[in-house]
Every structure is written in structure tokens, then in C-alpha cells.
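The values are calculated or read from the model by the stated rules, or taken from the named source; none is laboratory data. Quick caveat: nothing in here was measured; it's all calculated off a predicted structure. Neighbour counts run over all protein chains shown; Cβ positions are idealised from the backbone, glycine included. Side chains are part of the model used for accessible areas, which takes the heavy atoms of the whole protein and leaves out ligands, DNA and RNA. Shrake-Rupley method; radii C 1.70, N 1.55, O 1.52, S 1.80 Å.
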Amino acid sequence: MGLYSLITGRRGPSGFGSASTAEEVTQGIDATHLTAIITGGTGGIGMETARVLSKRGAHVVIAARNIGAAENAKTEILRQNANARVTILHLDLSSFKSIKAFAREFHALHLPLNLLINNAGVMFCPYQLSEDGIELQFATNHIGHFLLTNLLLDTMKSTAKTSGVEGRILNVSSIAHIYTYKEGIQFDSINDICSYSDKRAYGQSKLANILHANELSRQFQEEGVNITVNSVHPGLILTNLFQHTALLMRFLKFFSFYLWKNIPQGAATTCYVAIQPSLKGVTGKYFADCNEVTPSKLARDETLAQKLWDFSVKLINSVSKKNYLGFDDTPVN
């Protein structure tokens, strides 16, 4: 799926391409037996993903930092589909405390969990640290989703085992994963303000999304767990993610309009990988325009993926122990 296919919308081996929409790629699929968590489902491709999965019958849990925006999203989904099942829970991915609270609240609902779509993110932020003292883009885009996923794994494994239905975890990455720091992940200087580049830090976090998916997929295959893990590039879509560079992005879009997608097209690959029956058993892959593609060499580095996993575990456990004495801090594995 190269530049020609992107510009022309030519369909790939899956039968879909860059011009396909989320509704088109899920047409005729019955998802009434599925429960999905979508982070950042209040706008852009996250909301479109929530809307389309709800339309196909799934029970969608929108995990959102802004509850007001989540309520508006739910209202709009219900306006279009009165039978939609939508639950809202608060989640701030830049806060370990919030992530752990979300996991407790979700478990208290006693719902199954078939799909986890790690969609939310921040982009091109000026240098700042999260409340846990981690560079914000890495904290939100990778570490937050890494912790959330780990806290939900037992429920996903149990659901897959008892229902016999394959679970799926999906990390929304980006083609920006190719534009990162030289070593890929700056393990020794994640918080270094002197070497900080807002663009490379974003690329680093998106590379981490792919490496996380690949390593978790490897672990599941070793364990024989009936859950697949994949990552996707949704395409270029002008959403609120570009709030820090809105004028620049609009300028660039004017000269490269043929490369950009609308929101229904941007959500297509996420929805395709989430519920397309033909992808049963497909795991550890990277998708763009609803077709499997090859990510960067760094994204395929198994040693780097394992190193990132160990680094993430160590970082979470050290921060939790330091900041939340008395809080429920079961160590992450």
C-alpha cells in the first residue's frame, strides 16, 4: 500500500483501501456479543470508532478524560442509534492514579471485555512532565496504555476463555513512528529536556505503541492465550491532536490535500482490525489503509520490544511505589 494507493484509494488485498470508511469495512458484521473499551472516544476517529462499533451492536465503554465531551459523544451516538449500548468512565492516561481508578470502576461493572482499543493520545506537546514525573507524550501515549492494558488483561483472558471468542487488543500508532530518536527509545533520557524534540518524542511514543503490541502478542502466543494484539496507522486526519500545530497542519494540508483522510476514513483501519472476522488469529501485525504493511526496522526489533517492556514495568513500579504509598499498587508484571 504505497503512495499511489493512498492517493487513488485503490483497494489492497483485504478488499479495502484508503478511501474505505469505518461503516463500509464493518458492513454486515454482528458485534452484539462484544464489549469494547475505547480510550479517547469523545471526538475524531475515537468517537467514529465508538459510533460504528455501537451501530454494529457492540457494548462500547468510552474511557475519557473530559466527561462532558464523553456525554456529548454518547448523546450523539444515541441520537443516531437509540439502541446503542454506551457506558462512560473517566480516564486520564497521564495519571497512574486515574488509570488504576478506571480499572477498579470497570471491574465493578462485572462486564466481559473482548476488545481494548488504545486510541487516545497527545501530539507535538511542548515539553512537560505528567503528574507522575514522566515526559507527557511518552506517559500518555505509551506508558498509560501499557499500564491500562496490564490491569485489564485478567478480565480479557477470562472473557476469551469462558466465551470462546477471540479477544483483540489494538494500539493506534502512526506512520510518525519512523521519525523518532536515533536509538528509537531514549531509555536513559526519557525526561531529558535538553534533547527533547516535540516531533521526535511523538514518534518515539508511536514506535513504543507498535513495540508494545508486538511483545504482548509474542507473550500471548507463548502462553496460548486466545487474544490477538495488533497496531494500526489510521492515516492523516486533521483532528484535535494537532492543537499544538493547527496552523502549520492546515497549511501543509492545503498543499497535500490528496494525502489526507476524513474522519470516517480515518477510523476504518481501527474498526477493520477490531472486528473483521477474516483477521481471526492474525496477531503482531501493523496495518494501514485496512491492509497489513511493514513498519520500520526499529518497530520490528524484537530485542528493542522486550527492552521496552522491561523498562515500562520498572518505570511503573518505581513511580507507583514512590508516589502512592497506601494506594493499591499491585506490581505490574
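List of remarks:
- The residues of the range 155-192 that are assigned to a helix (DSSP H, G or I), in contact with a strand residue (DSSP E or B) (Cβ under 8 Å, 6 or more places away or on another chain), closer than 30 Å to Gly133 by Cα and open to solvent by 40 Å² or more (accessible area, probe 1.4 Å) amount to a single one, Ile175.
- Selection from the range 22-56 of residues that are on the phi > 0 side of the Ramachandran plot and surrounded by fewer than 18 Cβ atoms within 10 Å (Cβ to Cβ): Gly28
- Of residues in the range 193-204 being more than 19 Å from the chain's Cα centre (by Cα) and of a type in the set (Gly, Ala, Ser), the one surrounded by the most Cβ atoms within 10 Å (Cβ to Cβ): Ser197
- Any hit, the range 205-227, residues being of a type in the set (Lys, Arg), at pLDDT 95 or above and open to solvent by less than 60 Å² (accessible area, probe 1.4 Å): yes
- Some residue of the range 10-18 being in contact (Cβ under 8 Å) with a residue 12 or more places away in the chain and closer than 29 Å to Asn150 by Cβ: no
- Residues that are open to solvent by less than 30 Å² (accessible area, probe 1.4 Å) and at pLDDT 95 or above, drawn from the range 123-132: Ser130, Asp132
- Note on the range 74-86: residues that are out of contact with any strand residue (DSSP E or B) (no Cβ under 7 Å at 6 or more places or on another chain) and outside any helix (DSSP H, G or I) total 4.
- Counted residues, the range 69-112 - those being basic (Lys, Arg), closer than 21 Å to Ala31 by Cα and in contact (Cβ under 8 Å) with a residue 24 or more places away in the chain: 1
- Subset of the range 87-116 that is in contact with a strand residue (DSSP E or B) (Cβ under 8 Å, 6 or more places away or on another chain) and in a helix (DSSP H, G or I) - its residue that is most open to solvent (accessible area, probe 1.4 Å): Glu105
- Residues of the range 133-154 satisfying the condition of being part of a helix (DSSP H, G or I), of a type outside the set (D, E, K, R) and open to solvent by 10 Å² or more (accessible area, probe 1.4 Å): Leu136, Thr140, Asn150, Leu151, Leu153
- Meets criteria (at positive phi and surrounded by fewer than 20 Cβ atoms within 10 Å (Cβ to Cβ)) for Gly15: yes
- Residues of the range 72-86 classified as closer than 14 Å to Thr42 by Cα and surrounded by 18 or more Cβ atoms within 10 Å (Cβ to Cβ), total: 4
- Answer residue from the range 193-240, given it is part of a loop (DSSP other than H, G, I, E, B) and among the hydrophobic types (A, V, I, L, M, F, W, C) and is nearest to Gly144 (Cα to Cα) among those: Ile193
- The range 228-241, subset closer than 16 Å to Val293 by Cβ and of a type in the set (S, T, N, Q), residue surrounded by the fewest Cβ atoms within 10 Å (Cβ to Cβ): Asn230
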